[in-house]
Amino acid sequence: MKNVLILCTGNSCRSQMAEVLLNHDLSSQVHALSAGTRPQPRVAEGAIAALRAAGLNTEGLYPKDVDAVMHQDIDLVVTVCDNARETCPVFPRPVKAIHLPFHDPHGEPLESFLAVRDDIRARLIPAVREALGL
């Protein structure tokens, strides 16, 4: 199992959706977790609704600070917003990192969250497979 950290600023939308999608679509090869450089108080309702609309489990999702996962054995870090890329911390050991930005749908209708969910699934899954040689 490879451990993948999805890093965003607020850890309330894109990174949460990416975590759930990776854990679902690559469940036998990858364990994904997400964190934020400045986590929000809760996961965005639109992100939860978009995941549930695809039949995905949203139990236990909550924003986490990147400091809480710094010492875990991470094989790949994926930044999904430009701010997280610019403020990505230095990990205790060298970790491969890729940047794959996605639109931030906060404040937009559910259709935007659904489009971002589908974009994450379409681009992130193959990118993680390639980066980890799966």
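Summing Cβ point charges (Lys, Arg +1; Asp, Glu -1) relative to the Cα centre of the chain gives a dipole of roughly 240 debye. The 3J(HN,Hα) values that the Karplus relation (6.51, -1.76, 1.60; θ = phi - 60°) gives for the stretch 98-109 are, in residue order, 10, 10, 9, x, 10, 4, 8, x, 3, x, 9, x Hz. Gly and Pro appear as x. Hull volume per residue, based on the alpha-carbon atoms of the chain and their convex hull, is 95 Å³. Between helix 110-132 and the chain there is an angle of about 20 degrees, using the helix long axis and the longest principal axis of the Cα atoms. Inter-label distance, Asp119 to His99: 1.6 nm, where each label sits 7 Å from its Cα along the C-beta direction. Bridge orientation summary for the chain: considering DSSP beta bridges with both residues in this region, about 0 percent are antiparallel. Each residue in Glu19, Glu45 was given a count of other beta-carbon atoms within 10 angstrom of its own, and listing them fewest first yields Glu45, Glu19. 3J(HN,Hα) along the stretch 21-28: 5, 5, 5, 7, 6, 10, 4, 8 Hz, from the Karplus curve 6.51 cos²θ - 1.76 cosθ + 1.60 with θ = phi - 60°, whole Hz, x for Gly and Pro.
Estimated from helical segments only, the mean residue ellipticity of the chain at 222 nm is -11500 deg cm²/dmol, where each DSSP H run of four or more residues counts as -39500 (n - 2.57). What FRET efficiency would be calculated for the residue pair Ala68, Ser27, taking the C-beta separation as r and a Förster radius of 22 Å, to the nearest 0.05? Step by step, r from the Cβ atoms, then E = 0.45.
All of the numbers you see were taken from the coordinates with simple rules; none came from a lab. Keep in mind the model is a prediction, meaning the values are calculated, not measured. All Cβ positions, even for glycine, are placed from backbone atoms using ideal geometry, and neighbour counts span all protein chains on display.
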